[in-house]
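**Student:** Provided herewith is a single structure, encoded as structure tokens, for subsequent inquiry.
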Amino acid sequence: MSSTTAETSAPVSEQRPKTPRARRRGENTLVGSLASHGVLLVASVIALFPIAWLVYLSLGPDTDDYLHPGGIWDKMTFDNYTFVLQHTQFFDWLKSSLIVTLGTTAIGVLIAATTGYAVSRMRFPGYKKFMWVLLVTQMFPVAVLMVPMYQILSDLQLIDNYFGLILVYCTTVIPYSAWLLKGYFDTIPFEIDEAGRVDGLTPFGTFFRLILPLAKPGLAVAAFYNFLTAFSEVAFASTFMLSDDKYTLAVGLQSFVSEHDAQRNLMAATAVLIAIPAAVFFYLVQKNLVTGLTAGGTKG
């Protein structure tokens, strides 16, 4: 009997070498992620440390606590805030700051919006040179403008007057705000203006009813810039406002500094209180602030 042996060949599994997984675009390695988080942490500490230090000093009872910060922990108090609110003219300063700041913001945004819209949509002779002239006005230092502005306000009898200070601030904020809003209006399609004219709207009607609602992010950025400029300015306010009860908050803060002494604990408490209105205004406009900051620079 013949036997046949079937040769069974075991299947050889071809083992292909595994190719490394391609890293997707934007995907970070562990080392890169740790490094980026470390950089962000350091940047956050650098940004937040002055604020924490200011609040920390505002709770110290002595003027020299900034020299010995470790001694504040056992004797923290809110007496500095009580003293500022009850024994200084803080509320007069706050009233003056709100009048000047809100007036500057409203007038400045309105004039800057109409100027930026006119340059964006209308092609009148010299419109490009006009925008450059606005930009050149921002190059003069405050010291150069102080004397002629004082003379003009004195002739108009607007020294120690809220409206006079508002006019001065408007001359400083309108040029930049007009440039900013012109760039934002350039991103709004011109067909919207044509649709307004087809519907029978006047140029002013088109501007106020169609364009301004679409330009809310840009208006928010301009308003925030105008607000901070008027709210924190010191040189013009200390020169043109002579009465103590008409000082703005930024000028009133200087009252804690004398020739031979500085009440740093009271200054810190006042600075914390001053930051509250700015923080509230930022909270109100933050929804449109980021969009306006990025969109205005995409064209124009």
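**Student:** Go over the candidates VAL133, VAL147 one by one and state the one that is closer than 15 Å to ALA237 by Cα and out of contact with any Asp or Glu (no Cβ under 6 Å at 6 or more places or on another chain).
**Tutor:** VAL147
**Student:** Select from segment 106-137 the residues that are of a type in the set (Lys, Arg) and either in a helix (DSSP H, G or I) or at pLDDT 90 or above (or both) and list them in ascending order.
**Tutor:** ARG121, LYS128, LYS129
**Student:** Being on the phi < 0 side of the Ramachandran plot and crowded, with 16+ Cβ neighbours inside 10 Å narrows it down to one of LEU102, LEU98, so name that one.
**Tutor:** LEU102
**Student:** Then there is this: Tally the residues that are free of Cβ contacts under 8 Å to residues at least 24 places away in the same chain and under 20 Å from ALA118 (Cα atoms), restricting the search to segment 175-200.
**Tutor:** So the count comes out to 9.
**Student:** Would you check if there is a residue in segment 158-174 being acidic (Asp, Glu) and either touching a residue at least 40 places away in the same chain (Cβ under 8 Å) or in contact with a Pro (Cβ under 6 Å, 6 or more places away or on another chain) (or both)?
**Tutor:** Yes, segment 158-174 contains a residue that is acidic (Asp, Glu) and either touching a residue at least 40 places away in the same chain (Cβ under 8 Å) or in contact with a Pro (Cβ under 6 Å, 6 or more places away or on another chain) (or both).
**Student:** Step by step: first the residues of segment 123-151, then only those that are under 23 Å from the mean Cα position of the chain (by Cα) and β-branched (Val, Ile, Thr), then the one that is nearest to MET241 (Cα to Cα). Which residue is that?
**Tutor:** Filtering segment 123-151 for residues that are under 23 Å from the mean Cα position of the chain (by Cα) and β-branched (Val, Ile, Thr), the one nearest to MET241 (Cα to Cα) comes out as VAL142.
**Student:** Restricting to segment 5-41, count the residues that are surrounded by fewer than 10 Cβ atoms within 10 Å (Cβ to Cβ) and at pLDDT 90 or above.
**Tutor:** Within segment 5-41, residues that are surrounded by fewer than 10 Cβ atoms within 10 Å (Cβ to Cβ) and at pLDDT 90 or above number 0.
**Student:** So the check is Cβ under 8 Å with 6+ separation or different chains; which pairs have a first residue in segment 55-84 that's basic (Lys, Arg) and modelled with pLDDT of 65 or more and a second one that's exposed (fewer than 13 other Cβ atoms within 10 Å of the Cβ) and part of a helix (DSSP H, G or I)?
**Tutor:** none
**Student:** While we're here: With the checklist (1) modelled with pLDDT under 90; (2) surrounded by 14 or more Cβ atoms within 10 Å (Cβ to Cβ); (3) not acidic (Asp, Glu) in hand, flag the one item SER258 doesn't pass.
**Tutor:** Here SER258 clears every test but (2).
**Student:** Please work out if ALA271 is modelled with pLDDT under 90 and either of a type outside the set (S, T, N, Q) or under 25 Å from VAL168 (Cα atoms) (or both).
**Tutor:** Taking the combined requirement at face value, the residue does not satisfy it.
**Student:** For segment 121-170, what are the residues that are surrounded by 13 or more Cβ atoms within 10 Å (Cβ to Cβ) and among the polar types (S, T, N, Q)?
**Tutor:** THR137, ASN161
**Student:** Inside segment 164-202, can you point out the residues that are of a type in the set (A, V, I, L, M, F, W, C) and outside any helix (DSSP H, G or I)?
**Tutor:** ILE188, PHE190, LEU201
**Student:** Could you tell me which numbered condition GLY103 fails, if it satisfies all but one of (1) more than 24 Å from the chain's Cα centre (by Cα); (2) part of a helix (DSSP H, G or I)?
**Tutor:** (1)
The values are calculated or read from the model by the stated rules, or taken from the named source; none is laboratory data. Only a predicted model underlies this, so the values are computations on that prediction, with no experimental measurement involved. Using ideal geometry, Cβ is built from the backbone for each residue, glycine included, and neighbour counts are taken over all protein chains shown.
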